[in-house]
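Asker: My questions will all concern the structure given below.
The values are calculated or read from the model by the stated rules, or taken from the named source; none is laboratory data. Because the structure is predicted, anything quoted here is derived from the model rather than measured. We place every Cβ from the backbone using ideal geometry, glycine too, and count neighbours over all the protein chains shown. For the accessible areas, the whole protein counts, side chains as well, though only heavy atoms, and no ligand, DNA or RNA atoms are used. Shrake-Rupley method; radii C 1.70, N 1.55, O 1.52, S 1.80 Å.
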Amino acid sequence: MNRQAQSAVLFLLGASLLHAATTDLYLRYVKQGLRPLVLVAGAVLVAAAIATVWYERARARRHKGREADEGHTHHEPRVAWLLVLPLFALILVAPPALGSYSATRTGTALQEPLAYPDLPAADPLPLSVVDYAGRAVYDHGRTLRGRQIRLTGFLALDRDGTPYLVRMALNCCAADAQPVKVALTGRIPPVLQPDTWLQITGTYTPRRVEDPVNGRPIPFIDVTEARPVAEPTDPYDESWNS
């Protein structure tokens, strides 16, 4: 691979990172707090590509006369430019967020919260799937009883047809995303399509079920209302990092 192809790949990769970080595309790969690092990495790669082109042009001018005297030049294989194609795919095609396929094949990753902060008094109470599940399982619903609770997540269906509302929780990036699941009971929509995003309103119930993948507890919520919503800009849940 010649230096021109190398600099082109560096430039496109850096431009891809800058494009991702200046839009919401980076949220498909890493958590929100890593945006500055993605910007810095993109800028460094673009600068390296420009420096490589400048160096090669200077070197070419120095050796131009020598190559003319020798009567021959060296040609690099053009097939190296094919390495640029995956970068165009990265720029033009946004990858889908992890969904029901991953959720039903991975056990719930619910962790015990370090604390249970006071909740606002207004109903319905908006909570993350992670927050609701942690309070329902490890705090036995003490802060949830008597409240109308609103959750947003995507649908996944267990092997026996049990519907889950799921959010994929991140530690760092999409590669380590793990599902946190809340099972649904009550007024469930009659037609359930996996990966559909729902906003549900419901109440706490002490009912639980074991995850068939890893045997860990999955809490239920008694649904009183459910409606489809658009996929959020950031489909992952980072609340357990805070």
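Asker: Being within 18 Å of the chain's Cα centre (by Cα) and among the charged types (D, E, K, R) is the filter here, so list the residues in segment 198-242 that pass it.
Answerer: Glu231, Asp234, Asp237, Glu238
Asker: Could you list, ordered by first residue, the pairs with Cβ atoms under 8 Å in which the first is in segment 94-122 and outside any loop (DSSP other than H, G, I, E, B) and the second is among the small types (Gly, Ala, Ser) and surrounded by 10 or more Cβ atoms within 10 Å (Cβ to Cβ), at least 6 apart or interchain?
Answerer: Final answer for the pair search is Ser100/Ala156; Ser102/Ala177; Ala103/Ala156; Thr104/Ala156.
Residues checked against (1) over 13 Å from Thr108 (Cα atoms); (2) free of Cβ contacts under 8 Å to residues at least 60 places away in the same chain; (3) of a type outside the set (Val, Ile, Thr):
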| site | (1), (2), (3) |
| --- | --- |
| Leu125 | yes, yes, yes |
| Ser128 | yes, no, yes |
| Ala136 | yes, no, yes |
| Asp139 | yes, yes, yes |
| Gly161 | yes, yes, yes |
| Tyr164 | no, no, yes |
| Cys173 | yes, no, yes |
| Val182 | no, yes, no |
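Asker: Looking at segment 196-239 only, could you name the residues that are touching a residue at least 60 places away in the same chain (Cβ under 8 Å), β-branched (Val, Ile, Thr) and under 30 Å from Arg35 (Cβ atoms)?
Answerer: If the condition is that a residue be touching a residue at least 60 places away in the same chain (Cβ under 8 Å), β-branched (Val, Ile, Thr) and under 30 Å from Arg35 (Cβ atoms), then Val229, Thr233 are the ones that fit.
Asker: A further question follows. I'm trying to understand the selection: among the residues of segment 100-121, which are loosely packed, with under 11 Cβ neighbours inside 10 Å and more than 17 Å from Arg142 (Cα to Cα)?
Answerer: Arg105
Asker: A further question follows. Scan segment 186-228 residue by residue and report those that are in a loop (DSSP other than H, G, I, E, B) and either surrounded by 13 or more Cβ atoms within 10 Å (Cβ to Cβ) or modelled with pLDDT of 95 or more (or both).
Answerer: Arg187, Ile188, Pro189, Leu192, Pro194, Asp195, Thr196, Asp211, Pro212, Val213, Arg216
Asker: Being in contact with a helix residue (DSSP H, G or I) (Cβ under 8 Å, 6 or more places away or on another chain) and assigned to a loop (DSSP other than H, G, I, E, B) is the filter here, so list the residues in segment 128-177 that pass it.
Answerer: Listed by number, the residues that qualify are Ser128, Gly141, Arg142, Thr143, Leu144, Asp158, Arg159, Leu170, Asn171, Cys172, Ala177.
Asker: Only one of these is open to solvent by less than 70 Å² (accessible area, probe 1.4 Å) and either at pLDDT below 90 or in contact with a Cys (Cβ under 8 Å, 6 or more places away or on another chain) (or both): Ala156, Ala133, Ala94. Name it.
Answerer: Within the list Ala156, Ala133, Ala94, the selection yields Ala94.
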